[in-house]
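Notes follow the structure.
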Number of protein chains: 2
Amino acid sequence: MAGPELSFSKHDHEGCKSYSRDAVVQYCAENGLRLTASRDLVLEILLSDHRALGAYDILDEMAKRGQSAQPPIVYRALDFLVANRFAHKIEHLNAFLACGMPGAEHSPAFLVCNNCRKVAEATVNDTDALLERFANNSGFVIQNTVIEAFGLCPDCQETAE
Amino acid sequence: MAGPELSFSKHDHEGCKSYSRDAVVQYCAENGLRLTASRDLVLEILLSDHRALGAYDILDEMAKRGQSAQPPIVYRALDFLVANRFAHKIEHLNAFLACGMPGAEHSPAFLVCNNCRKVAEATVNDTDALLERFANNSGFVIQNTVIEAFGLCPDCQETAE
DNA sequence: AGTTAAACTGTTATATTATATCAGGAAAAA
DNA sequence: TTTTTCCTGATATAATATAACAGTTTAACT
């Protein structure tokens, strides 16, 4: 397993955001995808923190920014972002976050803080291999995986003490 | 990873059901838990197949059996069954299934068929170890995991051909 | 047994998450 | 410039899940 395990650490988040957004813009250009205004806005909101946001949280944030919209706008944007791996859904929370390696073919795994909702993303080749082995034993063919671990991030462990 | 990878194979399902239900009854007796009528009914419905059912599917089935009820009845029963590991939730589907090793302390992983919704359950000590290692690197403490793989079971692969 | 406390049920209402549908507009392709 | 495709805007509604509260059953205690 490998990945930019930065989410829980202090880091240059402005750089982090612009790096990710640039990657999305480039990927769209190379693949004939349209990063329209509403998609870009939702992406921008997700990129503002390494935290999982519900669709209606995003709607609230859009309203705060003077760009209020109806649910289908957000869900369509999220469908686009998730389909192209610019964002991921945390199934257990029905919440979304921006991807750490936008566009790249990968099977993500997540560490999600139960307290602050911050999320660290990693790729999970080894875990995948393990699931693959189990699947092969049963003759099952895996198409996609959901791997989410919940617990406490370093900061929230301290707070709890 | 190990587990009773029977779900996709033909097997003595009557035996399978009664084995599981007996295990639940015994566990409840040993731990002062009450398998009340509504909990038992929901368990019975879940045990009828190795398939994930939505809460409202369960309500429909209760109605068919002349035991119609309101949503809170089912959600409370599911809360009880899941809290005591007699059932699990497939997060990606918002659906539930009976546990293959009721009451036993375990971190389950699932293979879920996208076509027929059948589910095989396994325990994932190795995968857990892997997530643990990643978590430890980040100073994250895992409390629980969601591991779900989606794809095609052997039968549905044949059908698709 | 009688009393109390705890846990469970039944019911209504409502919150939360997500999608169907359809008219219209912008962008790209032909 | 016409056509087609994709995207938006808006309304309505579907699907999933919980809050709240009165009443009942069960268990625990005396």
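Some values worked out for this structure:
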{"read-out": "Number of positions in segment B:32-53 that are loosely packed, with under 12 Cβ neighbours inside 10 Å and either at pLDDT below 95 or of a type in the set (Gly, Ala, Ser) (or both)", "value": "2"}
{"read-out": "Criterion (touching a helix residue (DSSP H, G or I) at 6+ places or on another chain (Cβ under 6 Å) and within 12 Å of chain A (Cβ to nearest Cβ)) met by exactly one of B:Val146, B:Val124, B:Val74", "value": "B:Val146"}
{"read-out": "Some residue of segment A:67-75 being modelled with pLDDT of 95 or more, touching a strand residue (DSSP E or B) at 6+ places or on another chain (Cβ under 9 Å), within 16 Å of DNA strand D (Cβ to nearest atom) and closer than 27 Å to B:Asn94 by Cα", "value": "no"}
{"read-out": "Count - residues of segment B:8-60 that are without any contact (Cβ under 8 Å) to a residue 40 or more places away in the chain, within 14 Å of chain A (Cβ to nearest Cβ) and within 12 Å of DNA strand D (Cβ to nearest atom)", "value": "0"}
{"read-out": "Search result, residues across segment A:90-109 that are away from DNA strand D (no atom under 14 Å from the Cβ) and among the charged types (D, E, K, R)", "value": "A:Glu105"}
{"read-out": "Qualifying residue in segment B:119-126 (condition: modelled with pLDDT under 95 and among the β-branched types (Val, Ile, Thr))", "value": "yes"}
{"read-out": "Residue in segment A:121-138 that is buried (at least 18 other Cβ atoms within 10 Å of the Cβ), closer than 19 Å to A:Asp79 by Cβ and more than 16 Å from DNA strand D (Cβ to nearest atom) present", "value": "no"}
{"read-out": "Total residues in segment B:96-150, condition in a strand (DSSP E or B), touching a residue at least 60 places away in the same chain (Cβ under 8 Å) and either β-branched (Val, Ile, Thr) or out of contact with any strand residue (DSSP E or B) (no Cβ under 9 Å at 6 or more places or on another chain) (or both)", "value": "3"}
{"read-out": "Any hit, segment B:102-111, residues being at pLDDT 95 or above, among the charged types (D, E, K, R), farther than 30 Å from B:Glu158 by Cβ and surrounded by fewer than 19 Cβ atoms within 10 Å (Cβ to Cβ)", "value": "no"}
{"read-out": "Complete set of residues in segment A:77-95 that are within 14 Å of DNA strand C (Cβ to nearest atom), in contact with a helix residue (DSSP H, G or I) (Cβ under 9 Å, 6 or more places away or on another chain) and away from chain B (no Cβ under 14 Å)", "value": "A:Ala77, A:Leu78, A:Phe80, A:Leu81, A:Ala87"}
{"read-out": "Residue in segment B:104-116 that is under 15 Å from the mean Cα position of the chain (by Cα), of a type in the set (Ser, Thr, Tyr), more than 16 Å from DNA strand C (Cβ to nearest atom) and more than 7 Å from chain A (Cβ to nearest Cβ) present", "value": "yes"}
{"read-out": "Any hit, segment B:68-90, residues being surrounded by 20 or more Cβ atoms within 10 Å (Cβ to Cβ), within 12 Å of the chain's Cα centre (by Cα) and in a helix (DSSP H, G or I)", "value": "yes"}
{"read-out": "Residue list for segment B:95-150, filter: on the phi < 0 side of the Ramachandran plot, touching a Lys or Arg at 6+ places or on another chain (Cβ under 8 Å) and small (Gly, Ala, Ser)", "value": "B:Ala95, B:Ala104"}
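The values are calculated or read from the model by the stated rules, or taken from the named source; none is laboratory data. Computed from a predicted structure; not experimentally measured. So basically every Cβ, Gly included, is an ideal-geometry build from the backbone, and we count neighbours across all protein chains shown.
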